[in-house]
Structures are given as structure tokens and as C-alpha cells.
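Where a number appears in this text, it was derived from the coordinates with a stated rule and is not lab data. These figures come from a predicted structure and were not determined experimentally. With ideal geometry, Cβ positions are generated from the backbone for all residues, glycine too; neighbour counts draw on all protein chains shown.
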Amino acid sequence: MAGQGEVLTFYTDIPQLGAAGRRVWVYLPPDYAVPGRRYPVVYMQDGQNLFCPETSYCGAWGVGGSIDALFRRKKTKGAIVVGVDNGGTERWNEYSPWPKEGGSCSGGKYARFITETLKPGIDKKFRTLPGRESTGIAGSSLGATISLFILLKYPEVFSRAGLFSPAFWFARGKAADFVKKSRTKRELRIYMDVGTKEDGREDEYLNDARAMDGLFSEKKNITRRLVVDEGGRHDEKAWARRFPAAFLWLLEAAGGPRKL
């Protein structure tokens, strides 16, 4: 169908975590078949919830359909989206760069997988624009927290992040300190949103998002956007609704598709 992208899957090991056979989803934009054309890339967490309702345990974002619709309306020239399945029972550890109450965490190792293993493989296999200015990362809840960590830990690789309903509450002090101590002078672009009906923790999510946005505002190198979604809940339906506008804002100045 004209104006429809393609979603592929493959499996890869995560040597940093000692995990085997993790599924990776790759959305290719509608005109990917045009020879030699290269695209910006957004890496996203919770891959099983992004594209296919049958693989999601709580509803899908419909990322592919959303980008297809924007493409048909000529709102975007397209991008590649790479979604990585979460580790199920290990999701909390994998998406936690800081331990909660003395517990364990493996977010640093997961961040290394995305940066050192997955991205080079994607750049080799697909026609990407591999530079930092064309590379973003995004996620929701804990997936948003690890996405911010990856952005600030590896600013030489990523230049933009999408944070949907970030769960800073589990380690807000450590997250705030991490942002404060970030010394990169590279230009960064951060989209963040939050609903007013978040998961029974409405005040925490909203207050944490506003506090973090305040920290971002103190950094001259960060271009930021905070969206408060009145009535928005902590679920895929809310994130799917907010995704198209977030996608368009996030990829501004990302270097659109071009032939090399």
C-alpha cells in the first residue's frame, strides 16, 4: 500500500547482560525502497508494545501507523524506529541506571548494549544517518528514565530523547544529581510529557516532571519541551495519542532523509 512502512524483526544476544535471543523491531519508512536514501533513527524501549497489539500485554502504541499517517500528510519525510523488547521480569533492573533502596540495577549495562552493540549493528544493516545529530532515543515510564540516562551518558552518540511519563520517583534524587552533574556542551533536544491521571501517583509524576524540566532549563545546551496531558493516564493509549506530535518535535533539525 502506498504510504505504508514495513516492520521487521530479528533476534540478538545482549552480551553486556548475558541475555540471549532478545527480539528487536525495525520500522522502515514508506519510501525506504528508494535506493541510497538514508534516515534518522529513534531507538525505543518496550519494543513489544510499540507496533503489534498481539505482542503487547497492555495495548500497542501503533508507532508504524502513526508515522505512516504523518508521511502521507507530508508532515514528515520519515525515520527508522528501532524497538527493543524489554526483559520481562528483568525489566526493572534493565531500565534502572540507579538501584532502588539498595537493590540491584543493570541499566548501565543495558545502555552499553544499545550504544556499543545494537546501534553499530543497525547502522551496518540498514541505511541510517549514523551521526549523533540524527540519532534519538525514547521510552515510557522506566523506559523514559533509562532513555534520559543514555542520552546524557553518551551525548557523542545521541542528540535527542523522548521521555513519556518518566518514572523518576523510584530514584529522583539520583536522577536529579545525574542531570546536574552532566557537563556535556553538545546540543541536546529533550521532549518530556506527563499526564494528570498517572498511575495513582499523579502528584509525583507531575511534580517530578516539572522539577526535571527546571533542571533542563538551567542547561544552555538543552532545547526542551514539556507537555502536560490533562486526563492522561499511565498507559500505552495515552502515549500513542501523544506520540505523533512528540515524534515531529523530536526530529526537528535531525537531518531528514537524504541520498548519499
Check your understanding: Arg186 versus Glu156, label points 7 Å from Cα toward the beta carbon: distance in nm?
Key -> 0.8 nm
Study note, to complete from the structure: Extension length gain for Phe126 and Asp13 (0.36 nm per residue less Cα distance), in nm, is 38.8 nm
Check your understanding: Per-residue ellipticity at 222 nm for the chain, helices alone: DSSP H runs ≥ 4 residues times -39500 (n - 2.57), over residue total, nearest 500 deg cm²/dmol?
Key -> -9000 deg cm²/dmol
Review point. Once you put a point 7 Å from the Cα of Lys174 and another 7 Å from the Cα of Asp199, both along the Cβ direction, what distance in nm separates them?
Key: 1.6 nm
Study note, to complete from the structure: Percent antiparallel among DSSP beta bridges confined to region 6-259, rounded to 5, stands at 35 percent
**Study point:** Tail fraction, Cα-Cα pairs, region 1-67, threshold 15 Å, whole percent
**Key:** 61 percent
Review point. Between Glu252 and Ala69, how many nm apart are label points set 7 Å from Cα along the C-beta direction?
Key: 2.1 nm
Check your understanding: Given the pairs Lys100/Lys180; Lys125/Lys220; Lys109/Lys181; Lys74/Lys181; Lys100/Lys219, which are separated by over 30 angstrom at their Cα positions?
Key -> Lys125/Lys220; Lys74/Lys181
Review point. Of all the Cα-Cα pairs you can form in region 36-148, what percent are over 22 Å apart?
Key: 38 percent
Exercise for review: Take the alpha carbon atoms of the chain, find their radius of gyration, then divide it by 2.2 N^0.38 Å using N residues; give the quotient.
Suggested key: 0.94
